[in-house]
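Asks: Right, I'll just put the structure down here and ask away after.
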Amino acid sequence: MIRRTGLIALIAALMAAVPAPALAHGIGGRADLPVPIEFFLYGAAVVLVVSFIALAVLWPEPRLQDGPRSRVLSTKPILWPGRILAGVGLVGLVLVVTAGFFGIQNSARNVAPVLVWVDFWLVVPFLGAAFGNLYTNLNPWRTLGSLVETEERPAVGDRVGVYPAAFALLLFTWLELVQPEGGQPNTVAIAAVVYTAYLIGLMVWAGRSTGLQIGDAFTTYNRLISAISPFGRDREGRLVRRGWIRALVVLPRWRGLTFFVVLMIGTVSYDGLSGTQWWRDLLGQASGEVWAETLGMLAVSAAIGTAYWVAAWAAVILAEDDRSPGQVAASFAHTLVPIALAYAFAHYFTLVLFEGQLLLSTLSDPFGQGWDLFGTADRAINYWMSPTVIWYVQVATIVAGHVTGVILAHDRALAIFKPVRAVRSQYAMLGLMVALTSLGLTILAAG
Amino acid sequence: MSRRPIFLLVLTLVAAACSGAADTSTTPPTISETTTSQAPATTSPGVTETTQTTTTTQATTTTAGPAVTLIEIVVEGGTVDRVERFDLPLDGAVRLVVTADVSDEIHLHVYDLHADVAPGQEAVIEFDATIAGVIEIEMEDSGVLIGELQVAP
């Protein structure tokens, strides 16, 4: 307890030492227009109706719990696409570090910020959700880790779970959303170097797989998101076709997984909330101050976590089960992954479509030195998608994510609770899902 | 029969979640300090700020006809009292004037327009609001957000 208090004091002191109040959103300086209120109402109504039908009528038996039935698409392990991806990952890391340190210090003209905040952080997981996990091969630290020859220590993985990765995720999103210099090329380069040193240290200590498993935020992030995809790889490395979301059900239950998933939702929620006038008025003069925004980000994540824990507790009561709320929360953690993806996609897909175009101009002149390698250096961003279409995509994404979450939770409840109590236990989860839908849409509506 | 109370409980929860959410999203629309441009006869268009009348109204209501929407932001102590969000119609002409007690560079994101500001030297940025979205106005050197444009069709 004393150690924890000391740690909090230390963090607070560090935060107070950081000056320069400002809002940072990685790159861009643009946000989407608020979603009109009627969209929000339709969205919530659809979630309600679909959830109730799914719960009460269509789904009396668990269907997903056995995991995916995979159909092998390639008889041999696929090697070359993986090697090309690994090369791209390494080149990307080198580019981020060199351009970040030695290139022009302008986030719109340097290739480092767009590579990290758009391509690495958003495009790779979004593609993973559709086409299967690209990150395993792309991961430059995994490639570097093949130089490390240390014995694997799986016992370490069992003991610490994914907690280090969750804290890494928290720091990364803090750099994106709170730290005013987060969009600056040299900040991105420093972060990349520090993160590389951190992961190499972990891999030397615990072995390559175990080190990445416990410490690499993006290994866990991409594994969770790409379990939604209908494509994957089996143990022999062969490409397989499987059902959508089915791999989520059989994800390993690493320690700290619940914490990780709650952070995925909490940090994106903070990003949306912090852009609203409501949030700025709430913080008043402290708005934009690093310490206040940091506390705000932690508070929003804590609120999401508390709501989830309460839903798990209520499920235990309603199901008259003898598990602890924590066990139930862990058992349902995978049901939050589609919601986390939906939040991230609804908030950031225009960042990919619009600011993502910076990759074309900055790759042609990665250091901002006036080069034009591909003839695209002068290309300006084309904001081509209309606000109306953006709204439809956002609302559809939020609703689809929550319906998927409700279905997964219902199926898990049928499997672990007494049959007569299972549906009843889901009223609490449904309440949470609807609350999260409302929150997601309200943030979009409040802009 | 025993399922019914819980059914109702969920409905109530759901209703509470919806209404709670609706409450927060129906907060009053952003009232922005805008100044109606009333071109005086005696001065050139470049220096009209000194004779404008300030009114507190929504920016969207001040743009009848070909009038330019004028947005004024005052920076004191290197920051603003409150980060305002200025509503603007898509494709409307805009004149953004920033006065400050510090030296910095004003950066209007997305449109990517810059103007220097200093004590006694206003930053003036004139443009047509052709790109929709919520767009940051930032002091480039200090990184302080001083306002946002909300450009909507």
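Only the coordinates and a few stated rules stand behind these numbers; no lab work does. Remember, predicted model here, so these are calculated numbers, not experimental data. Don't worry about glycine lacking a Cβ; one is built from the backbone with ideal geometry, like all the others, and counts go over all protein chains shown.
Asks: Say the dipole of region A:136-284 comes from +1 at the beta carbon of Lys and Arg and -1 at that of Asp and Glu; which of A:277, A:239, A:180 then lies farthest toward its positive end?
Replies: Checking the options against the dipole of region A:136-284, the answer is A:239.
Asks: Let me know the Rg and Dmax you get for region A:327-437 when you use only its Cα atoms, in Å.
Replies: When restricted to the Cα atoms of region A:327-437, Rg and Dmax are 21.2, 69 Å.
Asks: Could you tell me which of rounded, prolate or oblate describes chain A, using a ≥ b ≥ c as the square roots of the eigenvalues of the alpha-carbon gyration tensor, with rounded for a/c under 1.5 and, failing that, prolate when a/b is larger than b/c and oblate otherwise?
Replies: rounded
Asks: Averaged over its residues, how many other protein chain Cβ atoms are within 10 Å of peptide B:145-152's Cβ atoms?
Replies: 4
Asks: Add +1 for every Lys or Arg and -1 for every Asp or Glu among the other residues with Cβ under 9 Å from the Cβ of residue A:418, and state the total.
Replies: Here the count lands on -1.
Asks: For A:422-433, what's the mean count of beta carbons from other chains sitting within 10 Å of each residue's beta carbon?
Replies: Average per residue, whole number: 3.
Asks: Under the Karplus relation 6.51 cos²θ - 1.76 cosθ + 1.60, θ = phi - 60°, what is the ordered set of whole-Hz ³J(HN,Hα) values for region A:355-365, x standing for Gly and Pro?
Replies: With coefficients 6.51, -1.76 and 1.60, one gets 5, x, 5, 4, 4, 4, 6, 6, 5, 6, 9 Hz.
Asks: Which is the longest run of chain A containing none of the GluC sites (Glu not before Pro) found in DSSP loop states (not H, G, I, E, B) with at most 11 other C-beta atoms within 10 Å?
Replies: My reading of the result: A:237-447 is the longest stretch.
Asks: About the Cα centre, and with charges only on the beta carbon of Lys, Arg (+1) and Asp, Glu (-1), how big is the dipole of chain A? Nearest 20 debye, please.
Replies: 1340
Asks: Right, next: Can you list residues from other chains, or at least 5 along the same chain, whose modelled amide H is less than 5 Å from the amide H of residue B:84?
Replies: B:148
Asks: Which chymotrypsin sites (Phe, Trp or Tyr not before Pro) does region A:298-389 hold that lie in a coil by DSSP with at most 15 other beta carbons within 10 Å?
Replies: Of the chymotrypsin sites (Phe, Trp or Tyr not before Pro), the ones in loops of region A:298-389 whose Cβ has at most 15 other Cβ atoms within 10 Å are A:371, A:374, A:384.
Asks: Where in chain A are the DSSP H helices whose alpha-carbon span along the long axis reaches 20 Å or more and whose Kyte-Doolittle mean is at least -1.0?
Replies: Span-like helices here: A:2-17, A:37-53, A:80-102, A:163-177, A:185-206, A:257-274, A:290-319, A:337-353, A:387-416, A:419-446.
Asks: Mind checking the dipole of region B:68-152: about its Cα centre, +1 per Lys or Arg Cβ, -1 per Asp or Glu Cβ, Debye to the nearest 20?
Replies: Rounded to the nearest 20 debye, it is 240 debye.
Asks: Once Rh for region B:68-152 is found with the Kirkwood sum over Cα pairs, what is the Stokes-Einstein diffusion coefficient at 25 °C and 0.890 mPa s, in µm²/s?
Replies: 195
Asks: Follow-up question, since we're still on this one. To make sure I understand, if each residue's beta carbon is the centre and we count other beta carbons within 10 Å, what order do A:398, A:304 fall in, fewest to most?
Replies: A:304, A:398
Asks: What ranking of A:328, B:98, A:160 emerges when the number of other C-beta atoms within 10 Å of each C-beta is taken as an exposure proxy, fewest first?
Replies: Fewest-to-most Cβ neighbours within 10 Å comes out as A:160, B:98, A:328.
Asks: Shifting gears a bit: Around residue A:355, what is the net charge, scoring Lys/Arg as +1 and Asp/Glu as -1 over all other residues with Cβ under 14 Å from its Cβ?
Replies: Here the charged neighbours net out to -2.
Asks: Show me the ranking of peptides A:190-196, B:144-150, A:105-111 by mean Cβ neighbours inside 10 Å, starting with the highest.
Replies: Those peptides, ordered most packed to least, come out B:144-150, A:105-111, A:190-196.
Asks: Count charges around residue A:365 for me, please; just the other residues with Cβ under 14 Å from its Cβ, Lys/Arg as +1, Asp/Glu as -1.
Replies: For residues surrounding residue A:365, the net value is 0.
Asks: Right, here's the next one. Which whole-number percent is the relative contact order of chain A (Cα, under 8 Å, 6+ apart)?
Replies: Computed over chain A, the figure is 26 percent.
Asks: Given the -39500 (n - 2.57) contribution per DSSP H run of 4+ residues, what per-residue ellipticity at 222 nm results for chain A, rounded to the nearest 500 deg cm²/dmol?
Replies: -20500 deg cm²/dmol
Asks: By counting other Cβ atoms within 10 Å of each Cβ, how are A:32, B:91 ranked from fewest to most?
Replies: B:91, A:32
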